[in-house]
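**Q** Following this message is one structure expressed as structure tokens.
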Amino acid sequence: MFKYIIKRLLQLIPVLFGVSLIVFFLMRVCAPDPAPIVLGQHATRESMEEWREANGLNEPVVTQYVDFIKGAVTGDLGTSYYTKAPVTKEIASRFPATVELAIIAIILAAIFGIIIGVVSSVKKNSIFDNGGMLLSLVGVSVPIFWLGIMLIILFSGILHWLPSSGRIDPSLRPDTVTGFMIIDSIIQGDTVALKDAVVHMVLPAVTLSLYSMAIIARMTRSSMLETLNQDYIRTARAKGISEGKVTRKHALRNAMLPVTTVIGLQLGSLLGGAVLTESVYAWPGIGNYTVQCIMKSDFPVVQGVVLLIAVIFVLMNLIVDVIYAFLDPRIKFEKKEV
Amino acid sequence: MKRKVIAALLCTSMAITLMAGCGSNKKTGADNASDTTKTETAGDEGNADADAETETGTTEKKASGEMLTKFADVPEDVDKEQTLRYAQGADPRGLDPAMIDDGESSKPICQMYEGLLKYGDSDTEVEPCLAESWEISEDGLTYTFKLREGVKFHDGTDFNAEAVKYNVDRQTVNKTEDMLYADFVYGDVAECNVVDEYTVEFKLTKKSTPFLNNLAMSLGAPMVSPTACDAANGNLNEAPCGTGPYKFVRWDKNEAVVMERNEDYWGDKGVAKEIIFSTIPDNSARVVALTNGEVDIIDGIDATVVDQITSAGCLLYQAEGMNINYMAYNTQKVTDPDVRKALSEAVNIPELVDSLYKGYASQATSILPTFMPGYSADVKQTAYNPDDAKKILEEKGITELKMMAYTNPRPYNTATGQTLAEALQGYFDKVGVKVSIDSYDWTTYKEKLGAGDYDMCLYGWIGDNGDPDNFMYLLAHEDPEMNVALYRNEEYNTMLSEAASMENGDDRNAAYAKMEQKIADENIWLPISHQQNLSGYVSNVQNFIAHPTGNVFLSKTYKN
């Protein structure tokens, strides 16, 4: 197992190299020149030229890339063109918001997705099945930005039940310990802040979880249906084991393998920045930030964020594979290598 | 069959649930018409000329609260423990006045920092601030400022002549490439000398009347604490420290800037204990945050959400903005003044402005906004005359022209350059000229302008310092990305440099009016509109003024 993990981690190197290559050259080919954006209304040809020179944009692209890689290897992703702050610092200050939202959303998605999937498969073709599958169809087809705006209008604009934007009322914000609002307010025993953080979390988390929930529900249902048709399930039933136990112990555990993959990958994509949800709810995470930086041609930041997302994806894949071994004792990674 | 019916029913009910949001929203929109009318009627009491005033471009009163021109006295019994929440559309770029160029940074900066001078509450006349008085030498090259005594920066550092010198040197002799307004504010300063502890002297390289206005700006000019600046390695973007009525508490990136009242402030202390500038990028989410009571004031809104704001009982603040939205003729290509005149005659500006900006931009009768010194109502722009235009253009054989436009909305043109270009294209079409439009996103557009491959192009300007030179200089600029008309006229340049060194007053204003008329007569630009600054605020907010520079000064603003 240990060898396998090391091997997978080593695979990160070519992946990151490839990703960095693509993002670096794509930004330079497709994105507009950052100089007029950074220098603003008074930018003259002369000042823009000076700025490009000072920021190394007049160097050959390959030289720029080599410089970037040299920095990245030592953990220096450069400084943001626009704010002049180090990219690592800019990302670090926004990443907890994204992680917090992604984790809550994936928990919601997993719980409701699995419940809907299991009920749909057990009560196949019933009203629960149809309803559940319709809900998941809606989940995968509704555009997130539209759903987000509708929920804001309904729950904040009309009913005034929930706040429409942000992570917490800034005047209630607890001191930063972990960067996670909910955990920080628990650590400091601040129930008012905790309540406010939870209330702020509701709409973004529900919006973000809907798509993943739909995918998980559909995957659970089909995987469960397949498992329930297996011979060993029939045997279990024949042995007189209760239907509930058959479903939980014999079917669900076996059906969970593909579902775990989906949950892992979904979490990976949510951690990579839920761009639309974060933008609609003014959620101060990396998705929202990346969009702004792409608009401003802030190359160093975009490169940094994309590298981070690539790392997250590779790691999530690895974690999913490791979890496989725990869920299914038949899987032994070392054996595969022989 | 039964299953199908159930499925169909479920489908319908879910669709209805999802549409609920939409439906309710529409209802709000429909209800608005009557609500807005009611508010307008109430608001218009004793202000019957409001609509007429819109025509001439002065501030109007529509579904709005009091349009103050001066801050009122704050009553004694106001809650001094309150928090004032302001939401804007983007996160500040930074909180160091020397390092920024955007309005989102400028607004928090105005609460925490001050310059030697400041603007009037609702105009761009300069007033004393950290400098109590000033003298200008006879030759206009030496400015001596007497500084206010007993002022301290938020970190306890004394404000004195040394601090002023530090700030000026920082943006002149020690300037770095990211000090975006250093050249603009201090470009004419040869040196800054300490005369005594509270007297400082500026030597200029040339006479410059806009210099005083520059010192009142929120970009470049505010004074930072030398101690704090050194401690932060010369960059206060994340550790702001000034002398203003509010002190920095923290900046949660992409979320909010929090500041608290400066209890040691030298002047009238701020009313609200805490001010929070939140970032809510989405326009409609910002409006919902206002109507949901999450924030007290929002800005950066456009005409489409006005009904939503007023129907929720919130108020609108409409102030003419310090900007100009114009079309420029490429004078190197469309060289015949008669052709330019005919093209200008083809466009019905009042109709165009009304239909595109729905009453939230005023028709530009001159390059300068009406509230600025140098504006003259006597300047005559080319009048709408399509018949004459058609005749001349036919005679001159002009049938095809090329226009360049930007695709984005801009602060001076919320309808986007593309929309404006298409509207203009319609007018030119009526007089027999086919106009092709090339449009690009803003940054690509600026690059393309440099090549000069256009007959006409759309552009605009956001004023910096409230001085007429700031607008009129565009036509003398050597950079083709600034002077997009590529206007090269020695006479104009001489008039401009003479006016820039004249003392403020009637003579100087007349000089600018003369220049305006010259540009209008030669039809170099087709001035279109001045976009208004729109803010929305909850009805219990008192003493709120949105300054024409786009800034807000919230130390006297409070909630009942």
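**Q** When you look at B:THR310, is it over 30 Å from A:TRP146 (Cβ atoms), at pLDDT 90 or above and not basic (Lys, Arg), yes or no?
**A** Criteria not met by B:THR310.
**Q** Scan region B:271-281 and give yes if some residue there is within 8 Å of another protein chain (Cβ to nearest Cβ) and of a type in the set (A, V, I, L, M), otherwise no. Spell out the reasoning first.
**A** Kept after step one, since they are within 8 Å of another protein chain (Cβ to nearest Cβ), are these residues of region B:271-281: B:274, B:276, B:278-281.
Still in the list and also of a type in the set (A, V, I, L, M): B:276, B:280.
The answer is yes, given that some residue of region B:271-281 is within 8 Å of another protein chain (Cβ to nearest Cβ) and of a type in the set (A, V, I, L, M).
**Q** Find all pairs meeting these conditions: Cβ atoms under 9 angstrom apart; at least six residues apart or on different chains; first residue within region A:1-14 and under 19 Å from A:PHE326 (Cβ atoms); second residue exposed (fewer than 10 other Cβ atoms within 10 Å of the Cβ) and modelled with pLDDT under 85.
**A** Close Cβ pairs satisfying both conditions: A:LYS3/A:GLU337; A:TYR4/A:LYS336; A:TYR4/A:GLU337; A:LYS7/A:GLU337.
**Q** So which residues in region B:247-270 are at the interface with another protein chain (Cβ under 10 Å from one of its Cβ atoms) and outside any strand (DSSP E or B)?
**A** B:LYS253, B:ASN254, B:GLU255 - these are the residues of region B:247-270 that are at the interface with another protein chain (Cβ under 10 Å from one of its Cβ atoms) and outside any strand (DSSP E or B).
**Q** Okay, moving on. Considering only region B:170-187, state which residues are among the aromatic types (Phe, Trp, Tyr) and free of Cβ contacts under 8 Å to residues at least 60 places away in the same chain.
**A** Taking region B:170-187 and keeping what is among the aromatic types (Phe, Trp, Tyr), we get B:181, B:184, B:186.
Once the filter is applied, which keeps residues that are among the aromatic types (Phe, Trp, Tyr) and free of Cβ contacts under 8 Å to residues at least 60 places away in the same chain, region B:170-187 yields only B:TYR186.
**Q** A further question follows. Let me confirm something: among A:SER279, A:SER297, A:SER269, A:SER223, which residue is in a helix (DSSP H, G or I) and within 14 Å of another protein chain (Cβ to nearest Cβ)?
**A** The match here is A:SER279.
**Q** In region B:93-118, what residues are within 11 Å of chain A (Cβ to nearest Cβ) and either without any contact (Cβ under 8 Å) to a residue 60 or more places away in the chain or among the basic types (Lys, Arg) (or both)?
**A** Passing the criteria: B:ARG93, B:ASP102, B:SER105.
**Q** Which one is surrounded by the most Cβ atoms within 10 Å (Cβ to Cβ) among residues in region B:232-276 that are within 14 Å of B:HIS154 (Cα to Cα) and among the aliphatic types (A, V, I, L, M)?
**A** B:MET259
**Q** Would it be correct to say that B:GLY140 is part of a loop (DSSP other than H, G, I, E, B) and in contact with a strand residue (DSSP E or B) (Cβ under 8 Å, 6 or more places away or on another chain)? First the steps, then the outcome.
**A** Numbers: part of a loop (DSSP other than H, G, I, E, B): yes; in contact with a strand residue (DSSP E or B) (Cβ under 8 Å, 6 or more places away or on another chain): yes.
Considered against the rule, which asks whether it is part of a loop (DSSP other than H, G, I, E, B) and in contact with a strand residue (DSSP E or B) (Cβ under 8 Å, 6 or more places away or on another chain), B:GLY140 comes out as yes.
**Q** Tally up the residues in region B:172-194 that are polar (S, T, N, Q) and within 14 Å of chain A (Cβ to nearest Cβ), please.
**A** 1
**Q** How about region B:291-349: which of its residues are within 14 Å of another protein chain (Cβ to nearest Cβ), surrounded by fewer than 22 Cβ atoms within 10 Å (Cβ to Cβ) and of a type in the set (A, V, I, L, M)?
**A** Hits for region B:291-349 are B:VAL305, B:ALA312.
**Q** Pull up region B:442-462, narrow it to residues that are outside any helix (DSSP H, G or I) and touching a Pro at 6+ places or on another chain (Cβ under 7 Å), then point me to the one that is farthest from the other protein chains (Cβ to nearest Cβ).
**A** B:GLY452
**Q** Going through region A:135-171 one residue at a time, which ones are more than 10 Å from chain B (Cβ to nearest Cβ) and surrounded by fewer than 20 Cβ atoms within 10 Å (Cβ to Cβ)?
**A** Answer for region A:135-171, where residues must be more than 10 Å from chain B (Cβ to nearest Cβ) and surrounded by fewer than 20 Cβ atoms within 10 Å (Cβ to Cβ): A:VAL140, A:SER141, A:PRO143, A:ILE144.
**Q** Please find, among A:ARG94, A:ARG28, A:ARG8, A:ARG52, the residue that is in the same structural domain as A:ASP321 (by TED's automatic domain parsing), charged (D, E, K, R), assigned to a helix (DSSP H, G or I) and surrounded by 12 or more Cβ atoms within 10 Å (Cβ to Cβ).
**A** Working: A:ARG28 fails: in the same structural domain as A:ASP321 (by TED's automatic domain parsing); A:ARG8 fails: in the same structural domain as A:ASP321 (by TED's automatic domain parsing); A:ARG52 fails: in the same structural domain as A:ASP321 (by TED's automatic domain parsing).
Among A:ARG94, A:ARG28, A:ARG8, A:ARG52, only A:ARG94 is in the same structural domain as A:ASP321 (by TED's automatic domain parsing), charged (D, E, K, R), assigned to a helix (DSSP H, G or I) and surrounded by 12 or more Cβ atoms within 10 Å (Cβ to Cβ).
**Q** I'm told A:ILE69 meets every condition in (1) buried (at least 17 other Cβ atoms within 10 Å of the Cβ); (2) not assigned by TED's automatic domain parsing to the domain that holds A:SER185 except one. Can you identify the failing condition by its number?
**A** (1)
**Q** I need the full set of residues from region B:143-179 which are surrounded by 17 or more Cβ atoms within 10 Å (Cβ to Cβ) and part of a loop (DSSP other than H, G, I, E, B), in order please.
**A** Of everything in region B:143-179, those that are surrounded by 17 or more Cβ atoms within 10 Å (Cβ to Cβ) and part of a loop (DSSP other than H, G, I, E, B) turn out to be B:ARG148, B:VAL151, B:PHE153, B:HIS154, B:THR157, B:PHE159, B:ASN160, B:THR172, B:ASP178, B:MET179.
The values are calculated or read from the model by the stated rules, or taken from the named source; none is laboratory data. Every value quoted in this text rests on a predicted model; they were computed, and no experiment measured them. Note that we place each Cβ from the backbone using ideal geometry, even for glycine, and neighbour counts take in every protein chain shown.
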